[in-house]
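Down below is the structure, laid out as structure tokens.
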Amino acid sequence: MNSLVRIVQTDLDASVASFRSAMRQLAGGVSVITVGRDKDISGMTVTSVTSLSAEPPSLLVCINRSSSSWPLFEKYGAFAVNILNGDQQDIADRFTGRGGATGAARFDGAQWTTLATGVPVLADGLAGIDCKIEEVIHRHSHAIVIGRVAAVRVAGQTAALAYWQGEYVALDRDQDAVRLAAVSLPSGYGKP
Ligand SMILES: Cc1cc2nc3c(=O)[nH]c(=O)nc-3n(C[C@H](O)[C@H](O)[C@H](O)COP(=O)(O)O)c2cc1C
């Protein structure tokens with residue numbers, strides 16, 4: 001395995017607060033990562049999903065190893081990425097642990113199915129991507145988890161859910177197009 005780890009000068013670190021404030025400017029697509037089987041399941045909301053390669057199909061996600069879901073990644077060696085649609089902010093909230101639900105209780109109130117690995121996949125997300133874990137790289141507080149895609153399920157186009165500057169934002173192509181037309185057309189346009 002090729003790997004290059006540089007020992008960086010830690011006295012050059014930016015402050016945590018300034019780094020957080022910069023990262024708040026990065027709009028991220030919101031997904032729920034699910035792990036486990038049957039009743040032994042959990043999951044968490046993330047924005048760190050990134051496509052790695054198309055051939056073979058693979059992606060990566062960064063997971064805090066102190067999260068309650070982490071032991072199930074290690075136990076079952078599989079996970080699913082559920083890309084949320086613009087109406088699924090309540091699911092995103094539940095899977096951050098807000099409201100106190102843990103484990104299987106986070107799945108209540110939504111429809112789930114399975115694809116190849118047996119991990120629960122949201123029935124009506126924008127897309128579900130079922131992965132076997134190919135490699136885990138431990139770095140700082142997190143694990144960089146590389147998933148080899150075993151199966152996908154893609155829904156029809158609806159609005160996407162993003163997170164930007166500390167808030168959820170629904171990205172709706174139709175509504176955004178209407179808004180864009182309203183600001184870009186000269187005033188009086190279309191009037192007889
Ligand atoms: C918008 C958003 C994005 C998040 N992205 C990540 C992420 O990429 N990786 C991660 O480990 N935690 C991320 N979190 C935090 C986890 O959702 C949260 O810590 C976890 O679900 C709660 O952990 P628990 O299962 O131990 O209760 C994110 C939270 C929010 C609100």
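Odds and ends about this structure:
- Per-region count, the range 112-142, residues assigned to a strand (DSSP E or B) and small (Gly, Ala, Ser): 2
- Among the conditions (1) away from the ligand (no atom under 12 Å from the Cβ); (2) surrounded by 15 or more Cβ atoms within 10 Å (Cβ to Cβ); (3) closer than 22 Å to ALA162 by Cβ; (4) of a type outside the set (Phe, Trp, Tyr), PRO120 misses just one, which is (3).
- Strands (runs of 3 or more DSSP E) within the range 1-111 that include 3 or more residues modelled with pLDDT of 95 or more and not small (Gly, Ala, Ser): 31-37, 40-46, 58-64, 78-83
- Any pair with Cβ under 7 angstrom, 6 or more apart, that starts in the range 79-90 at a residue that is closer than 16 Å to ALA170 by Cβ and ends at one that is modelled with pLDDT of 95 or more and aromatic (Phe, Trp, Tyr): GLN89/TYR168
- When GLY36 is tested against (1) more than 8 Å from the ligand (Cβ to nearest atom); (2) under 19 Å from ASP124 (Cα atoms); (3) buried (at least 18 other Cβ atoms within 10 Å of the Cβ), only condition (2) is not met.
- ALA27 vs. criteria farther than 20 Å from HIS142 by Cβ and either among the aromatic types (Phe, Trp, Tyr) or within 11 Å of the ligand (Cβ to nearest atom) (or both): yes
- Qualifying residue in the range 42-55 (condition: over 22 Å from ASP87 (Cα atoms), surrounded by 12 or more Cβ atoms within 10 Å (Cβ to Cβ), away from the ligand (no atom under 16 Å from the Cβ) and touching a residue at least 24 places away in the same chain (Cβ under 8 Å)): no
- Positions within the range 56-65 being open to solvent by 40 Å² or more (accessible area, probe 1.4 Å) and near the ligand (Cβ under 7 Å from one of its atoms), in sequence order: CYS62, ASN64
- Residues (more than 16 Å from the chain's Cα centre (by Cα) and either on the phi > 0 side of the Ramachandran plot or open to solvent by 60 Å² or more (accessible area, probe 1.4 Å) (or both)) located in the range 93-114: ARG98, GLY99, GLY100, THR102, GLY103, ASP108, GLY109, GLN111, TRP112, THR114
The values are calculated or read from the model by the stated rules, or taken from the named source; none is laboratory data. As the structure is a computational prediction, the values presented were derived from the model and not from experiment. Methodologically, a virtual Cβ is constructed for each residue, glycine included, from the backbone with ideal geometry; neighbour enumeration extends over all protein chains shown. Keep in mind that these areas ignore ligands, DNA and RNA; they rest on the heavy atoms of the full protein, side chains included. Shrake-Rupley method; radii C 1.70, N 1.55, O 1.52, S 1.80 Å.
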